[in-house]
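The values are calculated or read from the model by the stated rules, or taken from the named source; none is laboratory data. Keep in mind it's a predicted model, so treat the numbers as computed, not measured. A quick note on method: Cβ atoms are made from the backbone with ideal geometry, for glycine too, and the neighbour counts reach across all protein chains shown. In case anyone asks, the SASA skips ligands and DNA or RNA and just uses the protein heavy atoms, side chains included. Shrake-Rupley method; radii C 1.70, N 1.55, O 1.52, S 1.80 Å.
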Amino acid sequence: GESIDRPMVIALDGDLGSGKTTLVKGIASGLEVPPDCPVTSPTYTLVNEYEGRLRLFHVDLYRLGGSGDIHDLGMDDILAGDGIVAIEWAERLDKDDLAPDMVINIETTSDFERVFTIFFYGPEPANLIEGMRNFSLQ
């Protein structure tokens with residue numbers, strides 16, 4: 001989140017419990033979402049919005065039935081906006097509806113370990129790659 005300096009769409013892929021929402025919490029922290037604003041899974045609300053250095057939209061498509069439901073959410077406006085959009089279960093969107101700047105696949109290898117595979121599709125990902133290289137877990 002600290003390295004993100006412009007609007008982007010991040011598609012999150014991983015099994016239930018793999019840590020997608022936990023990753024969004026980290027992104028929110030890096031975007032300076034106030035710590036007293038809890039970042040929670042939008043499984044039932046479908047979209048949570050957070051104010052920070054850049055606006056963060058956290059979208060969860062797990063419970064949606066089809067593309068009609070997705071359009072009812074106002075996804076077109078969210079995706080065309082000026083914020084960061086992190087989408088859990090993004091594979092439920094039609095390929096024509098989503099052009100992510102980044103796809104993060106989270107693979108659970110044990111109860112306490114995850115493998116992240118990151119694909120960049122957006123312009124100029126160099127600052128994000130460099131920011132990730134410099135990141136270390138505390």
State all residues of segment 90-109 that are modelled with pLDDT under 75 and open to solvent by 90 Å² or more (accessible area, probe 1.4 Å); if no residue qualifies, say none.
Lys95, Asp96
I'm checking my understanding of the structure. Among residues of segment 1-43 that are polar (S, T, N, Q) and touching a strand residue (DSSP E or B) at 6+ places or on another chain (Cβ under 8 Å), which one is least open to solvent (accessible area, probe 1.4 Å)?
Ser18
Name the single residue that is farthest from the chain's Cα centre (by Cα) among those in segment 14-55 being among the β-branched types (Val, Ile, Thr) and part of a helix (DSSP H, G or I).
Thr22
Can you find even one residue in segment 110-125 that is hydrophobic (A, V, I, L, M, F, W, C), open to solvent by less than 40 Å² (accessible area, probe 1.4 Å), under 16 Å from Val24 (Cα atoms) and at pLDDT 65 or above?
no
So, in segment 44-66, exactly how many residues are open to solvent by less than 30 Å² (accessible area, probe 1.4 Å) and within 17 Å of Asp13 (Cα to Cα)?
6
